[in-house]
Each structure stands twice: as C-alpha cells, then as structure tokens.
1. Out of curiosity, is A:I74 touching a residue at least 24 places away in the same chain (Cβ under 8 Å), over 16 Å from the mean Cα position of the chain (by Cα), within 14 Å of chain B (Cβ to nearest Cβ) and not in a loop (DSSP other than H, G, I, E, B)?
2. When you look at B:A135, is it hydrophobic (A, V, I, L, M, F, W, C), facing chain A (nearest Cβ under 10 Å), in a helix (DSSP H, G or I) and over 60 Å from the mean Cα position of the chain (by Cα), yes or no?
3. Which of (1) within 14 Å of chain B (Cβ to nearest Cβ); (2) under 17 Å from A:I260 (Cα atoms) is the odd one out, the single condition A:L156 does not satisfy?
4. Taking only the stretch B:252-284 into account, find how many residues are of a type in the set (S, T, N, Q) and more than 22 Å from the chain's Cα centre (by Cα).
5. Output the number of residues of the stretch A:192-210 satisfying the condition of being within 30 Å of A:D137 (Cα to Cα), surrounded by fewer than 24 Cβ atoms within 10 Å (Cβ to Cβ) and out of contact with any strand residue (DSSP E or B) (no Cβ under 7 Å at 6 or more places or on another chain).
6. Test of understanding: among A:P203, A:P236, A:P165, which residue is more than 14 Å from every other protein chain (Cβ to nearest Cβ), under 30 Å from A:T312 (Cβ atoms) and out of contact with any Leu (no Cβ under 6 Å at 6 or more places or on another chain)?
7. Looking at the stretch A:235-249, can you tell me whether even one residue there is farther than 17 Å from A:N159 by Cβ and part of a loop (DSSP other than H, G, I, E, B)?
8. Please go through the stretch B:591-607 and give me each residue that is under 24 Å from B:A646 (Cβ atoms) and touching a residue at least 40 places away in the same chain (Cβ under 8 Å), ordered by number.
Amino acid sequence: MRPTDRGRPMSRLATLKRRGIQVLIFTSLLGLPACGEANSKVLAVAATGTFLDAARIAVADELELGPISGFDTILVEEVSNRSGPALEIARDLVEVPGLLAVVGHSNSTASLAASQFYNRRGVVQIAPTSTAPIYSDAGAFSFRMVPPDDVQARSLVRNLEEALPPGSRTAVLYVNDDYGRALRAAVLKELDTEAFPVVVDLPHAEGEVEEVDVGHIVEALGAAEVDVVLWLARTPALNLLLPVLREAKGDVPVFGGDAISRVWFVSGRGSWWEGVRYLDFVDMDATEELRSFSERFRAIHGVPAGGAEALTYDAVRLLLATVREGADSGEAVREYLMSLGRGRDPFPGITGPLVFSEAGDAEREYVMLAIGPEEGT
Amino acid sequence: MSTGPGSRVGRGAPTSLQTKVLSVGWAVAFLVLVGGGILFILSLGDRNDLAAATDTFVEEQRVADRIQRAVLRQIASTSLLPTGDVGRTRSELRESSDEVYGQIRRYLFLDLSPAQRLQLEEMAEEHQRLEVAGARTTDLIERGLLAEAEASRDAVALHAFRLLDKMETFLQMRENDLDTLRDRQGATVQALLAGMAVVALLFVLGTLLLVWVLNRRVGRPFQELALASERIAGGDLDVRLPPGADLESRIVTAGFNRMAESLRRTTSELEDRNRELTETLATLHDAQAELVQSEKLSAVGRMTAGLAHELNNPLASVLGYGQLMADHLDGRPTVDAHELKPFIDLLLDEAVRAQHLIRNFLRFSRKSEATLAPVPLRDPLEVATTLRGYSFQQAGLELRVEEVPDVSVRADPEMLQSVVLNLVNNAFDALSPAGKGALTIRGEKAGRSVRLLFEDDGPGLDRPDRVFDPFFTTKSVGEGTGLGLTVVHRLVSLFGGTVRAENRPEGGARFMLTLPVSAPRVEPEGPEVEKAEAADPPGEGMTALDEAGPGGSLGPRILVVEDEAPLRDLQERLLDRLNAEVWTATNVDEARVVLAEKEVDIVLSDVKMPGESGMALYRWVVESRPELAESFLFVTGDVSDPELVALAERRPELFIHKPFDIADYLARVSELMGSSANGRGE
C-alpha cells in the first residue's frame, strides 16, 4: 500500500502522527496492486523501534519467498511504555480496512490495554514479549510469543537460588504495573523466602521514568542491607538506579526479568550494567539462524538483536506465512495459529518451533544472561 | 353495464378473486406481522441492551464501591502511621492495593469506549502511584524517617483523591453511556410508537384496500348483476353483462349471459309455442263449439218427433177450434161474443203452448259463445221436461223432476240447457229399449255448490269410467255421435263444476252434476218469453184490444216490412189500434221506396225475406237514415244468422221475437212511439 493510495488508513495514521506517534513505514510487500487499488489484507506492527526493525527484516525475508497478492504491512512505532498511547494506536488501527493482525505491543501493560480493541474487532494480536498472566484472559484473538510470568519467575528464582547462598537478603524492586506486579507475585510465589528473606519489597511507578525515586530505593536497600536485588522492571529505570546503587552497594548482584533484555538499546548505558544478570527469551547464540539474524540486526543498529527482536521477527514471519497460506480474515488467521501443533506442523521460527496453548501462549523456556564489560553477555 | 356482449380480449386468464382477496389479506397480515416483528425485535434489542447495561452498571457500581472502600482503607491505614503497627499497615495496604488493582482490571474486559479505557488506564497508573506512595510511606516509617513519611503519607492521600477523582470521571463516563442508552431507549420508544402508527396505518390502508377491492370486485359486479336481473325480470331479455375482471365474476357474468341468452331463446320459443297453442286452442274451441252444435243438432233431430207431436197438439186444437168457430159463425149474421170467448181462449192457450215449444227449441239449437252468468237451475229442467216429456210418455217412460233448490248456478244458459238435455236424452236412450223405467231428476245444495242428480232404473253403465271419453258409445250406429257425454263433461268443466257417472247399487245409472252456486241475475227488460208469459193472458189482451178500439188521434207513421201477408195484415190491424199511419212493404226494396217517399217514424221489419234481409235494411237505415236507427224494430223468429244473434245480444231492445204476444208487441211499439214522438216534437 502506498501512503497516498487510500484515504482512510492514511487519515487514521495521520491522526496517529499528529499525536506524536511515529508511523514509520508503509510497506507494499509486492507492489502488485495497481496504483489506487485497495489491498484487502493488512498486517500491522505496533511496537518500539527495534521491534519494527526486526519486523522489517522479517518482511524482507518473506518477500524473498515470493510475492503475496494484495497484502500490505503497516509499522507503527510506540515511543512510550504507558498504556494510553497503545490504546490510541489500537483504536485507530482497527479502523484500517482489511486489518488482519497486529504484532504488538511493546510490553504487558500496553498489550493488555490494547487487547480489547483487537478482540472486539476480530483482529489477531500477537504480543512479542508480554508475560503478564492476565493477558491469557484477554480473549481468543490474543496470542503471545512467550509464556506467562510463572515460567519466567521459576527460571529467575532458580537462577537466583543457584547463584546465591541461602540466607541472602533479597530486595524485590518492581514496577507497579501489570508487568511488575504480576512478575513480583510469581517470583514471591516461587521464592523460598525462608532461605532468601525479602527484606525490601518496593514498587515504583513508571508512568514516567523520572518518577522513580532512586534515592529512596537505594536508601531502602542500604538500610536493609540487601544481598541481592531482583529487578522486576524495565531498563530505563534500572539505568537510573544502577549508578547510584553501584556507588552505594558496590557490586551487589542484580537479577532482572526479561525487560532487561532491552538493555542494549538504552542510551547512555554505562559500565554499571556489567554483571547484571537477566532472563531473555532466546539465546541468540544458540543457532546459526539466530546469529545470522542478530548480525543482520547489528548491521542496522550496531548492537546485536535480543530475544524480543527475534520473537518479533518470528511473529511477523508467522503472520506473513499465514496470509500466504490464504488467510483473509482475523478469524482465519486465528484458526491458523491455533492449528499449529494441532494438525499443522509447528511454525519453524528462528526462536524454535512455535505452537500456542489454548490460552494463546507460546511454550518456551528462558535463558539467563549476564551483561559483560562491553557489548556482550 | 352493457347491453352487448363486450369482452376484454388479450388480458389473459383472470386471477381468482378469492386469490386476490386472500393475497391482499395475507399482504396486510404480512406487513402487520413484519412491522410488529421489527418493532418487537427493536424493542427486544434495546430492552436487552438496557437490561445488560443495568446489570453492568450495578456491577460497576459494586466495583466502584470496592475500589472506594479499598482506597479509603489505604488512606486510613496510612493515617494511623506512625503510631500503628507498620507491618500490619503494610499488609493492609497490600491487601487494599491488590483489591483496587483487581477491581480496576475487572473493567478491562468490559465493553468500554476508547476514552473510558484511557481513563481506566489513568486510574490504574494513579493507583500505581498510590501504591508506591503507600509502600514508600511504610518503608520510611520503618526506617524512622517520620518527616519524610509524613510527606509520603500526604502523597498517599493525594494519589488516593486523584484516583477517586479519576474513578468519578470514569463512572461519569459510564453514566453518560447509560444516559445515551436511556436517550436511545426514549428514541426507540418514539420509534416504536411511530412504528406502531405506521403498522396501524398499514393495517387501515390494507383494510381500506381490501374493502375497495371487495366493493369493486364484488359489490359493484353484484349491483350490476342485480340491475341486470331486474331488467330481465322486467322483460328486457337482451341485457348482457361485460366480463368481470376476476375469475369468479367472469364465471358469474358468463353464466348470467348464458342464462339470459337461454331465457331469451326459450321465451321466444315459448311465445311461438304459445301462439301455436292459442291458435290450436282457438281451433279446438271452434271444433268444440261445432261438436256441441253438432250434438245439439243431433239432439234436435231426435227431438223432432216429439216436437212435431207437441206442436201438432196445439195446432190441432187451433185447427179444431178454428173450424168450430168457423162452423159456428157460418150462416149466422150476428155472433154473441160470449159464445166465441171460450173458443178464442182455447185458441190462445194452444198458440201460447206452441210458442213456448218453438222458443225453447230455438234456444236449444242456437249456436252461441259461452257467457257465464247466474242461471236459475230450474230453467233448463223445465225446458227439458217440456221438450222431452212427451217422448218419455210415448215410450212408456217416466220423467220426474223432484225437489230442486231455487238457486242460480254460474253457467251459460244455453250450454247448461244442452247439458241437461244431453243427460235426459242419454237416459231416454238407455230406458227406451225396455219400454219402461223412469228418470228422476233431483237437486240438493252442498255448501257453495249444488248437486243435480239424474238417476234412472235402466240397465246401468258398462264402463262408468269411460262414458265421458269422446266417441265412447254403446248405441247403435246412427243413434248418436258418441260425443254427448263428452260435451257434457267439457261444458260442466267450463262452468267450474264437475260431473260424475256411476251405477246405482239398486240398479240403473246415476249422473251427478256439481255446479257452483251464483247470485241470481237481474234479467234485463226485453222481449223474453218469460216477460211474454208474465204479460196479460191472450184473452185479456184481446179484451184490451177490444176496449181500445179503432180510431183516435193521429198516431205515428209506421213502416211494416213483412213478406208474409197474414203477419203483415195482422200487424196492420194491431197498429191500427195505436191509431198509427201504417205503410207496408213486402221486401227491402219496397221499404227503401217507402222510406224515400213517405214520412216514417218507426220501422218494423222482418229479417228473412225474399231478396235482401232485414239486417241489410237496418244497416241501410243506420247509414242513410240515422234518425230512424233508434226507431227500428226487428220482428223476427230467425236466430240462425250470427250477425243477427250478436246484435240481439248487444241490443235486445231492437227485437220483437215471433211469435209475439200482442200485448207485448203493442207495448214495445207504444214505447217506441213515445220516443219517436218526443223526437218529432223536438
């Protein structure tokens, strides 16, 4: 679809632009439709920029397999972790004629908030990295590329207990949104608090990063003489906290959730990140495909891709394959996704064979990574 | 309506009116049902929406209450710090926060507008800040940083109130939804009312359409049919209906037109048949009259012997007494009138007797049209006994007339006479071979009828059931026509009566006539036999003539036209008694000469004369001398001329029947003289 071909999507997307939401690319996958002719099938990706880069690579790779008749992709960048912008994007996207599916959004809160728009319009939503358990209840059209928080919490606690001796005083710092609250609850459920007493259990708000009271958190950590920090929040806030924490508490171990995988895209990242361990969805060095993808990604951004980008890549490729197979409605896409591993082979993604549970959750294990002194783990 | 067989060619087979009416009915019912169904579905949808919205609102209100309570608990928990149990406070805050979070997230799956979802997310974020502030407050208190905790506690309250405000805004949005729904309900109600009005209008229009169709396709054709029927009933058999638009009306109009055509054709045929029947009936009537007359003539022939004897007796007496008078007068210069008186009386009696015989015979033999009128029942019996008494006596038989009611019956006099004579003759024929026996005639009233019984003691009837059949007779050839009793039966039927034949148990035959009784007729004045009988006896009349004597003042001028010299002389003599100036003529030609040359006041004319008849003279007088037409009298014994008979029935005052009574003759002429004198005096 060319930007000027159709008024309505353009007007909707122009509305998004006016609201400060960057509509990055209108990609005509085939160029087959004549000028002015409407395409009937549309795929959208609504996420942060690195997710969109991964999507772009996926589209390019899919095109190499051959054209898909009458199909367009809309890429919309999310510049906020808050739910409000995600709602606005979702509200406008569902008005795009022919919209079959959306890959997005960037986090649990945004995905959860937007999910009701898609479900009520019969548009499939694949959230690349949303782990909040409540997302499983979002609706029949809501899928995600990752399992819910209990899997991550189990992996995180297992790694924590393996890395630290019992009796380690544990601080649980979480972002008080759908992601952090849920992950905190799952972690506390998995954690042997007798062996690893939680001496600090502090939420922080992340409506705006500046809201994080780093000083208070560090003082609390100091007062409690914590031995380990479980960071159940996102990287920008941790990037604020870590310098102060390192100064106050030295090299206190920091274990983070999957949200830390975005660390490579944090601007002004310093050495204080060294040693931080976090869970990622995929070991990008595990297969040649992942390494290749990561290198291609690095060629664009200068940093390697993380698991979130690989999952986005797979999500986009999966939806493109679905459309190529003939799905021409949200319902057809949904049925295709549910058929994976149930009469249809699992989708061969670069992150591994992909199937979805009845709740729309992908089944996979996490991998614990540690940030090295330079750009590597 | 058309009087011609109009048609509508090329319109194809008409649709059944029943189908059309049913179609209109079904269409109306369908429209009403569809309209009602749409209204019902619309109302059902809105009602369900309202019910769901109400349930949602109630649920949301509960959620909002829980959130408010949880927030208030959070405020209250932090307000107790730092004096309270910090651990318990933290726990309460956690529980309250979880409660608020859970309740807010319950909204996530509701059907919210984008704005509401944004507001909800703002609530969630505000709650995040509240939780953070609450956790921070407890942490600061635990660490003894009360001043900072105080500020943090204020932040808790601040975020709590902000949360409540945002929730209030959110709830207001939801209430706005309810208001919108309420407005939509109101609009729906109005739409329902409008829809009901439309449905009602459709129903009314449909009903009117149905009535219009029924009136046009049923009422109007039936009206035309009724008018056409009335026209046919009025005799207009050419009326036709145009073919109807519907199958039924086409069938009806086609059937009506066929019926009208059939009726017209049948009527035409009936008219032809009726004309033929009328002609046939007239022929039959003439034949019947001829038969009756023939039977009469037959009876006349058979009565001739008796009549001759009956006439011979008085004639013999007249002859005898006349000769005695001639002998008595012979050689005597003078005669004592007293000596002649007995002879003259006898002559007169015998002449009157002969007169009765002749008149009755003539009345019987007269051929005339039936004229039903009251007839004294005894009259025909008297005539029959007069005519047939001698025959019975000569044959050794007895003819008895016993008690007969003095009543009149409705009949034609001559025909009733014929009936009685036929029955008498029939009895005579049956009894005469044995030379003994009797016929007894008696009558009796039976309600409004009278029965007349003819009973004889003869051999009886072989086939009583066939005696009235034409030409059924047991007589020898030449003794009868075989039509006598048939004529009796038909004439009695004509009178409205019945006749029955049977054999008497004691032997012999019985004929029973039943005739309707009628009021007696007032006989018109005229020269009837009865009147003559009622007049002065001949002897007394002679006396009267003697007393009147010749001479007197100048009388009227009278022309007597008579070919028989004795009668001409007799009339001259009688008219002389009236002091009349009399001219005579022997035929019509002479009469015309006299009338041309003389002043004549009265014309007395015979009918049958050599040359032209008296009727020719009368017609000439009516035409040439109309002033004498009312002074013209026929003096005749002829009843055979139909024209004369018709004139006699119409103008009986113009006739003096031969043989006439002198007194009656003179009275009639005197009466005419008075009229003539008055005419002359004018």
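The values are calculated or read from the model by the stated rules, or taken from the named source; none is laboratory data. Keep in mind it's a predicted model, so treat the numbers as computed, not measured. Quick reminder, even Gly has a Cβ in these numbers, built from the backbone with ideal geometry, and neighbours come from all protein chains shown.
1. no
2. Answer is yes for this residue.
3. The single condition A:L156 does not satisfy is (1).
4. Of the residues in the stretch B:252-284, 5 are of a type in the set (S, T, N, Q) and more than 22 Å from the chain's Cα centre (by Cα).
5. 5
6. Of A:P203, A:P236, A:P165, the one residue that is more than 14 Å from every other protein chain (Cβ to nearest Cβ), under 30 Å from A:T312 (Cβ atoms) and out of contact with any Leu (no Cβ under 6 Å at 6 or more places or on another chain) is A:P236.
7. no
8. B:I602, B:V603, B:L604, B:S605, B:D606
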